[in-house]
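Below is one structure; the comments refer to it alone.
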Amino acid sequence: KVIEDEEFERVDFEPEERSGLITHPYLLVHFSYRNNSSPVHRGVFLTRQILGRFLKAPPQAVSFKESELDPSLSMREKVTLVTKDSNCMGCHGMINSLGFSLENYDGIGRWRDTENKKTVNSITEYETRGGKIINLKGARSLGEFIAEDTNAQKTFVRNLFEYMIK
C-alpha cells in the first residue's frame, strides 16, 4: 500500500552487521533466490567479480531443487548436501565457503540470526589463492580479507575500468 504523503525513512544498521558493498541489500537480493539466500550465487560472484579467481564451467549442470530437499534444513545444510560430491567440491570448496560467510542475510538482505529455528552459521574456512587457509567469521571478516587482498584490489580496478569504457 502506497501512502502519497509518506517519505523514505533512514534506517541505520548495526555496524557489526554490515561490511560495505558486499552486504548492501541490493547486492544480496540480486544473488538470492526469491525466498531465501543463495550461498552459491553469492559465492560465485565473490569468487569471480571481487576476488578475481577463475572458475571453470561445471562438468554437469545441476539444478538446485530446493523443493525436493528436507524443508527443516538450513540453506547451508542444503547446499552442503547438494555439493558434497568430490567432482563438485573442486570449485564449491571455494564458492561455498565465501557464500556461507554471508548466510546471516536472508533473500532480501535482512540480518538474521536464525533460519528454520536453527542458529545461522556464517563461520567458514577459505583457501586463498596462495593456499593459505583463513577463518572467515561472517561478513565483517570477509570484508576485511577482501580489502587487504591485492588480487581483489586489482580486480576492482579492472572491473571499474571495464565498466567505464563500455
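The values are calculated or read from the model by the stated rules, or taken from the named source; none is laboratory data. All values reported here derive from a predicted model rather than from experimental measurement. Backbone-built Cβ (ideal geometry, glycine too); neighbour counts: all protein chains shown. Each accessible area value is taken on the protein alone, full model and side chains, heavy atoms only, with ligands, DNA and RNA left out. Shrake-Rupley method; radii C 1.70, N 1.55, O 1.52, S 1.80 Å.
Return yes or no: is I146 within 18 Å of the chain's Cα centre (by Cα), open to solvent by 40 Å² or more (accessible area, probe 1.4 Å) and closer than 19 Å to F31 by Cβ? Considered against the rule, which asks whether it is within 18 Å of the chain's Cα centre (by Cα), open to solvent by 40 Å² or more (accessible area, probe 1.4 Å) and closer than 19 Å to F31 by Cβ, I146 comes out as no. For segment 121-133, taking the residues that are open to solvent by 30 Å² or more (accessible area, probe 1.4 Å) and not in a strand (DSSP E or B), the one that is farthest from T47 (Cα to Cα) is identified as N121. If I filter segment 80-91 for residues that are of a type outside the set (A, V, I, L, M, F, W, C), in contact with a helix residue (DSSP H, G or I) (Cβ under 9 Å, 6 or more places away or on another chain) and within 19 Å of E16 (Cβ to Cβ), do I get at least one hit? No, there is no match, as no residue in segment 80-91 is of a type outside the set (A, V, I, L, M, F, W, C), in contact with a helix residue (DSSP H, G or I) (Cβ under 9 Å, 6 or more places away or on another chain) and within 19 Å of E16 (Cβ to Cβ). Restricting E68, E14 to residues that are over 16 Å from L136 (Cβ atoms) and touching a Phe, Trp or Tyr at 6+ places or on another chain (Cβ under 8 Å) narrows the list to E14.
On the basis of being in a strand (DSSP E or B) and among the aliphatic types (A, V, I, L, M), does L136 make the cut? Steps first, please.
Numbers: in a strand (DSSP E or B): yes; among the aliphatic types (A, V, I, L, M): yes.
Yes: the conditions hold for L136.
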